[in-house]
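Participant: Pasting in a structure now, in structure tokens, and then I'll have a few things to ask.
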Amino acid sequence: MTNREVVTAFFTNYQKHNPEGMHACLAPGVEFCDLAYKSITGPDVFAMWRWFCRKTETRKEIEVPGFDILSSEGDRVSAEYWVRYSPAPGKLVNYVIRSEFTLSNGAIVRQVDKPVISVFEFARMAKGFTLCLLALTPAFKIMTRKVMRQKLDDSKAPKAAAGSGG
């Protein structure tokens, strides 16, 4: 597959909520960077995509209504994708992400995501107007990264069996 085809397969599997198909496009030591995680690698990236594709009792899976490959040159592919999800009742986050991929040997080795909207606008959608004022402070990134790291760790933790000794 060409690098463009690998990234297309990655997004197509995301749209289908198929984390295993997404994982097949990733190198074992893949690095992912964005506002929420700054930089995570390998197993954490695989766990993140599994978590984003999963529906739970309290939330639906993240929808990916569309994507577009903007360019593909050498080991680099640039794309945009649309995401939509509800972080809480009555809240809808709906925005475009610009994603820069680096590939090697037919696998994604690095993905850097940047929202096309401002951090302020993202916070307004996710948290509401009053709390979005936090997005104007340096504490917002720190708080967001801490919360997302905890959610990722919680999603990876095995559920203890009832009555087990720990």
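Participant: Return yes or no: is GLU61 in contact (Cβ under 8 Å) with a residue 24 or more places away in the chain and either closer than 23 Å to ASN105 by Cβ or out of contact with any strand residue (DSSP E or B) (no Cβ under 9 Å at 6 or more places or on another chain) (or both)?
Facilitator: Answer is no for this residue.
Participant: Could I ask something else about it? Only one of these is hydrophobic (A, V, I, L, M, F, W, C), within 23 Å of ASP154 (Cβ to Cβ) and touching a residue at least 12 places away in the same chain (Cβ under 8 Å): ALA107, ALA36, ALA24, ALA79. Name it. Lay out the reasoning, then the answer.
Facilitator: Values: ALA107 fails: within 23 Å of ASP154 (Cβ to Cβ); ALA24 fails: within 23 Å of ASP154 (Cβ to Cβ); ALA79 fails: within 23 Å of ASP154 (Cβ to Cβ).
Checking each option against the conditions leaves just ALA36.
Participant: Still on this model: Does THR2 count as touching a residue at least 24 places away in the same chain (Cβ under 8 Å), surrounded by fewer than 15 Cβ atoms within 10 Å (Cβ to Cβ) and not hydrophobic (A, V, I, L, M, F, W, C)?
Facilitator: So THR2 fits the description; yes.
Participant: Any residue in the range 42-54 that is more than 18 Å from ALA107 (Cα to Cα) sitting within a Cβ distance under 8 Å of a residue that is β-branched (Val, Ile, Thr) and outside any helix (DSSP H, G or I)? List the pairs, counting only those 6 or more apart or interchain.
Facilitator: If the second residue must be β-branched (Val, Ile, Thr) and outside any helix (DSSP H, G or I), the pairs left are PHE52/ILE62; CYS53/ILE62.
Participant: Of the conditions (1) among the small types (Gly, Ala, Ser); (2) in contact with a Gly (Cβ under 6 Å, 6 or more places away or on another chain); (3) buried (at least 18 other Cβ atoms within 10 Å of the Cβ), SER72 satisfies every one except a single condition; which number is it?
Facilitator: Result: SER72 passes all but (2).
Participant: If you don't mind, there's one more thing I want to ask. Would you point out the residue of the range 12-29, among those that are of a type in the set (A, V, I, L, M) and in contact with a strand residue (DSSP E or B) (Cβ under 6 Å, 6 or more places away or on another chain), that is surrounded by the most Cβ atoms within 10 Å (Cβ to Cβ)?
Facilitator: This residue is LEU26.
Participant: Give me the helices (runs of 4 or more DSSP H) completely within the range 50-166, filtered to those with at least 1 residues that are at pLDDT 65 or above, under 30 Å from MET1 (Cβ atoms) and within 16 Å of the chain's Cα centre (by Cα), ordered by residue number.
Facilitator: On the way: elements: 119-127, 129-132, 138-156.
Because the criterion is at least 1 residues that are at pLDDT 65 or above, under 30 Å from MET1 (Cβ atoms) and within 16 Å of the chain's Cα centre (by Cα), the helices (runs of 4 or more DSSP H) in the range 50-166 that meet it are 138-156.
Participant: Hey, can you tell me all the residues within the range 1-27 that are part of a loop (DSSP other than H, G, I, E, B), over 13 Å from the mean Cα position of the chain (by Cα) and farther than 17 Å from SER99 by Cα?
Facilitator: MET1, THR2, LYS16, ASN18, ALA24
Participant: Looking only at the range 32-43, count how many residues are modelled with pLDDT of 90 or more and surrounded by fewer than 18 Cβ atoms within 10 Å (Cβ to Cβ).
Facilitator: Final tally of qualifying residues: 5.
The values are calculated or read from the model by the stated rules, or taken from the named source; none is laboratory data. Owing to the predicted nature of the structure, the values given are computational and were not obtained by experimental measurement. Positions of Cβ are generated from backbone atoms using ideal geometry, with glycine treated the same way; all protein chains shown enter the neighbour counts.
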